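Remarks on the structure that follows.
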Amino acid sequence: MARRSHLTEIGCIACDELAELGAGDREGWLDDPSLFAALHSHSLAVASAARPLVLVLGWDPDRRSPSSPRHPVKIHPSLSPSDGRITALEWLPFGDLLALALGTSAGLLLFYSVSGDLIHKQFVHPGRVLRLRFRETESKGGFAQDSVSEELCVVLPGVVARFDGTDIQSLLRRWLQEAGSRMWENSRHKLESEDEISYGNIPFQLWNVGKFGNCSDAAITGMMPPPLLELQSSQRYYGAVTVGDNSVISAYRLSEDRSRSLVGTILSKVVPVTFSTIASFSKLIWRSEQSATRKSHPTSQPFAKVSPLTCLKDPPRKGEKLTLSPSGTLAAITDSLGRILLLDTQALVVVRLWKGYRDASCLFVEMLVNRDKASTNSRYYEYTKSDYCLCLAIHAPRKEIIEIWKMRTGPRLLTIQCPKGSKIIQPSSRFVSSSQTPYIPLEVFILNGDSGQLSVLNRLK
């Protein structure tokens with residue numbers, strides 16, 4: 001009897017261009033902490049902090065057999081010494097719009113198109129960008145259609161910033177509309193410098209979450225109710241969880257700064273666009289005149305209100321990485337002692353603990369548990385959300401295995417052998433299903449850096 005495989009190969013990214021990122025230099029080259037990977041539907045972006053280079057690799061999704069990669073797109077960010085190096089990478093999918101976000105060690109946020117054009121460059125806060133988290137949340141609309149909102153969370157040491165998806169999407173659409181009008185210009189006049197991006201700054205919220213020490217990772221878990229004494233408040237509140245050296249787990253209530261009200265919104269959105277339009281018009285008239293003035297050092301915006309909720313200090317244990325479930329109600333946290341903690345982000349209680357998983361990585365995944373329905377009901381049965389259960393995929397590189405555990409307190413469902421030098425990754429968006437389309441479960445992908453093989457974990461346990 002043939003041995004059952006729990007992985008399905010979907011593509012191969014092996015190409016000569018990967019040698020520029022260190023592929024082939026040693027076994028397990030993908031484990032280099034200076035390399036960053038981000039997955040989207042049929043596209044994989046790999047960036048290097050040591051070299052200012054981003055490769056966008058793709059493969060043909062229509063073939064049934066694993067396909068070869070399409071010609072990769074090279075992005076060479078023009079980063080000055082003051083701009084720092086690449087430290088974070090994330091896809092920004094908005095339906096038909098797709099962009100790539102880069103974070104730098106100097107607190108900069110850059111947006112690039114899939115063809116490698118710089119769209120936007122903005123200063124967030126002094127310090128290294130530790131993580132970029134793009135997240136989709138689905139809210140129930142009652143009898144109306146459910147709505148999906150997006151946000152981008154930027155994590156820095158002791159600081160968390162939140163960009164609303166509608167503001168980012170507005171900028172991307174404006175850039176796309178104006179991209180066609182710039183095609184008539186000569187390539188040397190299209191953008192004289194990557195510093196000259198004239199779309200104005202995207203408004204965002206900034207919070208100081210360093211009360212218990214700088215964080216190594218953080219996430220905004222979603223909306224949360226206001227404090228008891230502010231039940232009638234018109235402000236919105238978000239929950240946030242951080243992990244770090246001084247405090248393994250810390251939780252905060254973030255208050256959205258809405259004191260500017262309508263006037264503040266107009267000033268933050270209209271004024272930058274108006275100023276950028278005037279600047280672009282002036283540059284068109286006096287293009288021949290070279291400006292020798294030096295750029296002023298960017299300043300950070302004030303912090304919004306933060307209320308600490310709880311923290312867990314257990315020296316010498318240190319929090320390392322954090323993974324959030326799709327709903328934001330669970331978080332898997334790895335620490336320096338090889339433990340994995342499952343945190344209920346609403347009750348702020350650790351509900352499960354695993355030991356013996358040093359250097360582990362975790363991702364949430366949905367596995368099919370009610371597969372017998374298909375045989376009893378119909379041959380063409382379409383699985384719904386209720387047919388899947390939420391699980392946690394734990395990649396233990398020292399053991400060279402991937403384990404699948406049922407949430408919250410269920411058993412281990414699978415143990416899969418994983419080659420050395422592999423990495424588990426997940427798309428930043430899974431295209432939330434509507435009532436007219438079949439449910440799309442949360443999947444986990446395995447990338448073998450040495451062979452270039454990209455596989456997906458089968459949904460059947």
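The values are calculated or read from the model by the stated rules, or taken from the named source; none is laboratory data. On a predicted model such as this, the values are computed, not experimentally measured, just so you know. Here the Cβ positions follow ideal geometry from the backbone for every residue, glycine too, while neighbour counts run over all protein chains shown. Side chains included, ligands, DNA and RNA excluded: accessible areas come from the protein's heavy atoms. Shrake-Rupley method; radii C 1.70, N 1.55, O 1.52, S 1.80 Å.
So which residues in the range 321-345 are part of a strand (DSSP E or B) and surrounded by fewer than 18 Cβ atoms within 10 Å (Cβ to Cβ)?
LYS321, ASP344 - these are the residues of the range 321-345 that are part of a strand (DSSP E or B) and surrounded by fewer than 18 Cβ atoms within 10 Å (Cβ to Cβ).
Could you count how many residues in the range 392-406 are in a loop (DSSP other than H, G, I, E, B) and open to solvent by less than 10 Å² (accessible area, probe 1.4 Å)? Steps first, please.
Within the range 392-406, the first condition is being in a loop (DSSP other than H, G, I, E, B), and the residues that meet it are 397-400.
Among the residues that remain, those that are also open to solvent by less than 10 Å² (accessible area, probe 1.4 Å) are: none.
Going through the range 392-406 one residue at a time, the tally reaches 0.
From (1) buried (at least 20 other Cβ atoms within 10 Å of the Cβ); (2) at pLDDT 90 or above, pick out the condition that doesn't hold for ILE13.
Single failed check for ILE13: (2).
When you look at SER259, is it among the small types (Gly, Ala, Ser), modelled with pLDDT under 85 and out of contact with any Pro (no Cβ under 8 Å at 6 or more places or on another chain), yes or no?
Numbers: among the small types (Gly, Ala, Ser): yes; modelled with pLDDT under 85: yes; out of contact with any Pro (no Cβ under 8 Å at 6 or more places or on another chain): yes.
For SER259, the condition - among the small types (Gly, Ala, Ser), modelled with pLDDT under 85 and out of contact with any Pro (no Cβ under 8 Å at 6 or more places or on another chain) - is met.
Would a scan of the range 57-64 turn up a residue that is at pLDDT 90 or above, surrounded by 15 or more Cβ atoms within 10 Å (Cβ to Cβ) and at negative phi?
yes
Quick test of your reading of the structure: CYS389 fulfils all but one of (1) open to solvent by less than 10 Å² (accessible area, probe 1.4 Å); (2) modelled with pLDDT of 90 or more; (3) out of contact with any Cys (no Cβ under 8 Å at 6 or more places or on another chain). Name the failing condition by number.
Among (1) open to solvent by less than 10 Å² (accessible area, probe 1.4 Å); (2) modelled with pLDDT of 90 or more; (3) out of contact with any Cys (no Cβ under 8 Å at 6 or more places or on another chain), the lone unmet condition for CYS389 is (1).
Looking at THR8 and the list (1) under 18 Å from the mean Cα position of the chain (by Cα); (2) open to solvent by 40 Å² or more (accessible area, probe 1.4 Å); (3) at pLDDT 85 or above, which single condition is not satisfied?
Failing condition for THR8: (1).
Give the range 300-320 a look and list any residue that's open to solvent by 60 Å² or more (accessible area, probe 1.4 Å) and of a type in the set (A, V, I, L, M, F, W, C), or say none.
If the condition is that a residue be open to solvent by 60 Å² or more (accessible area, probe 1.4 Å) and of a type in the set (A, V, I, L, M, F, W, C), then PHE303, LEU309, LEU312 are the ones that fit.
For (1) buried (at least 18 other Cβ atoms within 10 Å of the Cβ); (2) under 18 Å from SER429 (Cβ atoms); (3) modelled with pLDDT under 90, each residue gets a yes or a no:
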{"residue": "ILE75", "(1), (2), (3)": "yes, no, no"}
{"residue": "LEU79", "(1), (2), (3)": "yes, no, no"}
{"residue": "TRP91", "(1), (2), (3)": "yes, yes, no"}
{"residue": "ALA101", "(1), (2), (3)": "yes, yes, no"}
{"residue": "GLY107", "(1), (2), (3)": "yes, no, no"}
{"residue": "PHE111", "(1), (2), (3)": "yes, yes, no"}
{"residue": "LYS140", "(1), (2), (3)": "no, no, yes"}
{"residue": "VAL154", "(1), (2), (3)": "yes, yes, no"}
{"residue": "PRO157", "(1), (2), (3)": "yes, no, no"}
